[in-house]
Amino acid sequence: MNFFFDSLGLLKLLRLSRLYSTVQRSNLAQDIKVYLKVIMMAIFLLVFMHVLSCIWFFIVFQQERWVQNMDFMYVQQEQAY
């Protein structure tokens, strides 16, 4: 249950969406707005990739079962395990 409440902290990432509207309403030159939008897209992409990789790591880590690879030690023997 504690994990559920900790994962609700991800909702803080929605604050980044307010940044887009702030840039749109700002009184800056059009070329600077375009640069800021490109930087924001890069930040969104990095955050998205990070969240996806954390989810992937969590899924793989839960299903992980390590088995030692013994093939290189028992090449000449019939039964390796």
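The values are calculated or read from the model by the stated rules, or taken from the named source; none is laboratory data. Source: prediction; values computed, not measured. Cβ sites come from the backbone with ideal geometry, for glycine too, and all protein chains shown count toward neighbours.
How many residues are surrounded by 11 or more Cβ atoms within 10 Å (Cβ to Cβ), among the hydrophobic types (A, V, I, L, M, F, W, C) and under 24 Å from the mean Cα position of the chain (by Cα) when one looks only at region 21-46? Adding up the residues that qualify gives 6.
Considering (1) assigned to a loop (DSSP other than H, G, I, E, B); (2) at pLDDT 90 or above; (3) not acidic (Asp, Glu), the lone condition that Leu46 does not fulfil carries the number (1).
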